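Asks: Quick one: the structure is below, and I'll ask about it shortly.
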Amino acid sequence: MSVTLLKNCPALPNIPWEERPQGCSDVVWRYSGNPIIPRDLLPTSNSIFNSAVVPFKGRFAGVFRCDDKRRVMQLHRGFSDDGLHWQIEAERIHWQCDDPEVGHWIYGYDPRVVWIEDRYYITWCNAYAGWPTIGVGYTYDFETFYQLENAFLPYNRNGVLFPRRINGNYAMLSRPSDRGHTPFGDIYYSESPDMCYWGRHRFVMGTAGGWQSTKIGAGPVPIETTEGWLLIYHGVLTSCNGFVYSMGAALLDLDQPWKVIRRGAPYLMSPQKLYECVGDVPNVVFPCAALVDGATGRVAIYYGAADTVTALAFARVDELVDFVTSNAM
Ligand code: BMA
């Protein structure tokens, strides 16, 4: 197998990391210190989960979903020296926005963060007129945050940007949904010349059997490899006792990412640990970010557990690609 398969990925020597435990043959393995962020890290927080982190000035920065004790979903910035121990700002992010109608804050959740060209872009599930759609914003410094137009009309969730333009345009995956706890959901692809107007919508992939039979949604920012875009995503199964959220992976064509090259049939990780099975919403692992070390192919996946806490898991990019290829459905 080749060393890393990664394209356009800088080295990240200080990536949080722990080797696969002895005797474990899983492609994705959990950090022994999970969960890394407790639900009550802030005095005002009910839960901190489904959050996104990036390398920042030799350290790490992130945008965190903190549901407050009123149970309003908020976005907070945070910083870390090691990617494991986080300082999260007590006050939520206040976005600068040219249009007060767009910038009128109601709630936001499930952020993703990505460096594109000259700044960090943030996407999240944003309430517009009270209903979920894809919010888009950016920051240069994690001090000032600017909000742009929502990408789409309601109802939509799980907006995830690609880390570079594709064929000259910004590119985003999203998951059209409904007003509630959507009982369906496929992943779509859209393009924009300017981060404002989105079009050329393409179907990427829909539900499949078992763990991904009810709905699916993109997770972390896709990882560029020589074999295609490696997409880690969540899939949902409806049990007699409610939704079960697992994570899996697929490879998308580099130039036409709506074309699925291969898709793994088994999940990579399902809710099995106590902190994944017990919480405000039981049986949820929900990946929103992945740090990648371009020098070694090490991957650190940040995921929300049981809609309550934030946890970390590890993988190697060549093994993820191999998993998708050798377990393709
Ligand atoms: C989805 C989103 C996620 C959440 C998941 C499980 O619809 O709301 O934020 O983690 O449900 O409750």
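The values are calculated or read from the model by the stated rules, or taken from the named source; none is laboratory data. These figures come from a predicted structure and were not determined experimentally. Cβ placement follows ideal geometry from the backbone for every residue including glycine, while neighbour counts extend to all protein chains displayed. Please note that ligands, DNA and RNA were not included when accessible areas were found on the heavy atoms of the full protein model with its side chains. Shrake-Rupley method; radii C 1.70, N 1.55, O 1.52, S 1.80 Å.
Asks: Scan segment 274-300 residue by residue and report those that are within 16 Å of the ligand (Cβ to nearest atom), surrounded by fewer than 22 Cβ atoms within 10 Å (Cβ to Cβ) and within 18 Å of GLY33 (Cα to Cα).
Replies: TYR275, CYS277, VAL278, GLY279
Asks: Still on this structure: Quick check on segment 178-189. Is at least one of its residues acidic (Asp, Glu), away from the ligand (no atom under 13 Å from the Cβ), open to solvent by 10 Å² or more (accessible area, probe 1.4 Å) and not in a strand (DSSP E or B)?
Replies: The answer is yes, given that some residue of segment 178-189 is acidic (Asp, Glu), away from the ligand (no atom under 13 Å from the Cβ), open to solvent by 10 Å² or more (accessible area, probe 1.4 Å) and not in a strand (DSSP E or B).
Asks: Show the residue pairs meeting these rules: Cβ distance below 9 Å; 6+ apart or different chains; first residue within segment 78-104 and within 16 Å of ASN150 (Cβ to Cβ); second residue buried (at least 16 other Cβ atoms within 10 Å of the Cβ) and of a type in the set (Asp, Glu).
Replies: ASP99/GLU149; VAL102/GLU149
Asks: Now, a different point. Go through segment 87-171 and tell me which strands (runs of 3 or more DSSP E), entirely inside it, have 1 or more residues that are more than 18 Å from the chain's Cα centre (by Cα) and over 25 Å from LEU254 (Cα atoms). Can you show your working first?
Replies: On the way: elements: 108-116, 119-128, 131-139, 156-161.
Those strands (runs of 3 or more DSSP E) span 119-128, 131-139.
Asks: Suppose we filter segment 44-61 for residues that are of a type in the set (A, V, I, L, M), touching a Lys or Arg at 6+ places or on another chain (Cβ under 8 Å) and either away from the ligand (no atom under 13 Å from the Cβ) or open to solvent by 20 Å² or more (accessible area, probe 1.4 Å) (or both); how many remain? Show your work before the answer.
Replies: Filtering segment 44-61 for residues of a type in the set (A, V, I, L, M) gives 48, 52-54, 61.
Filter again for touching a Lys or Arg at 6+ places or on another chain (Cβ under 8 Å), leaving 48, 52, 61.
Right, trim to either away from the ligand (no atom under 13 Å from the Cβ) or open to solvent by 20 Å² or more (accessible area, probe 1.4 Å) (or both) and you get 61.
So the count comes out to 1.
Asks: Continuing with this model, one more query. So TYR121 fits all but one of (1) away from the ligand (no atom under 16 Å from the Cβ); (2) farther than 23 Å from PRO163 by Cα; (3) among the hydroxyl-bearing types (Ser, Thr, Tyr); what number is the exception?
Replies: Result: TYR121 fails condition (2) only.
Asks: Residue under question is TYR109, and the condition is that it be touching a residue at least 12 places away in the same chain (Cβ under 8 Å), of a type outside the set (D, E, K, R) and more than 22 Å from GLU276 (Cα to Cα); does it hold? Give the steps one after another, and end with the answer.
Replies: Working: touching a residue at least 12 places away in the same chain (Cβ under 8 Å): yes; of a type outside the set (D, E, K, R): yes; more than 22 Å from GLU276 (Cα to Cα): no.
Taking the combined requirement at face value, the residue does not satisfy it.
Asks: Here is a follow-up. Restricting attention to segment 249-265, does a residue exist that is within 14 Å of the ligand (Cβ to nearest atom), under 20 Å from the mean Cα position of the chain (by Cα) and not in a loop (DSSP other than H, G, I, E, B)?
Replies: So far as segment 249-265 goes, no, none of its residues is within 14 Å of the ligand (Cβ to nearest atom), under 20 Å from the mean Cα position of the chain (by Cα) and not in a loop (DSSP other than H, G, I, E, B).
Asks: Please enumerate the residues belonging to segment 206-226 that are more than 16 Å from the ligand (Cβ to nearest atom) and either closer than 21 Å to ASN169 by Cα or crowded, with 24+ Cβ neighbours inside 10 Å (or both).
Replies: VAL221, PRO222, ILE223, GLU224, THR225, THR226 - these are the residues of segment 206-226 that are more than 16 Å from the ligand (Cβ to nearest atom) and either closer than 21 Å to ASN169 by Cα or crowded, with 24+ Cβ neighbours inside 10 Å (or both).
Asks: Which condition from (1) in contact (Cβ under 8 Å) with a residue 24 or more places away in the chain; (2) under 21 Å from GLY217 (Cβ atoms) is the one that GLY180 breaks?
Replies: (1)
Asks: Could you please let me know if ARG70 is charged (D, E, K, R), out of contact with any helix residue (DSSP H, G or I) (no Cβ under 6 Å at 6 or more places or on another chain), outside any helix (DSSP H, G or I) and surrounded by 15 or more Cβ atoms within 10 Å (Cβ to Cβ)?
Replies: Values: charged (D, E, K, R): yes; out of contact with any helix residue (DSSP H, G or I) (no Cβ under 6 Å at 6 or more places or on another chain): yes; outside any helix (DSSP H, G or I): yes; surrounded by 15 or more Cβ atoms within 10 Å (Cβ to Cβ): no.
Taking the combined requirement at face value, the residue does not satisfy it.
Asks: For MET1, which of the numbered conditions (1) modelled with pLDDT of 95 or more; (2) assigned to a loop (DSSP other than H, G, I, E, B) fails to hold?
Replies: (1)
Asks: Taking the condition in contact with a Phe, Trp or Tyr (Cβ under 9 Å, 6 or more places away or on another chain), free of Cβ contacts under 8 Å to residues at least 24 places away in the same chain and open to solvent by less than 10 Å² (accessible area, probe 1.4 Å), does ALA127 pass?
Replies: Yes; evaluated as a whole, the condition is true for this residue.
Asks: Give the residues of segment 224-243 that are among the aliphatic types (A, V, I, L, M) and in contact with a Phe, Trp or Tyr (Cβ under 7 Å, 6 or more places away or on another chain), sorted by residue number.
Replies: VAL236, LEU237
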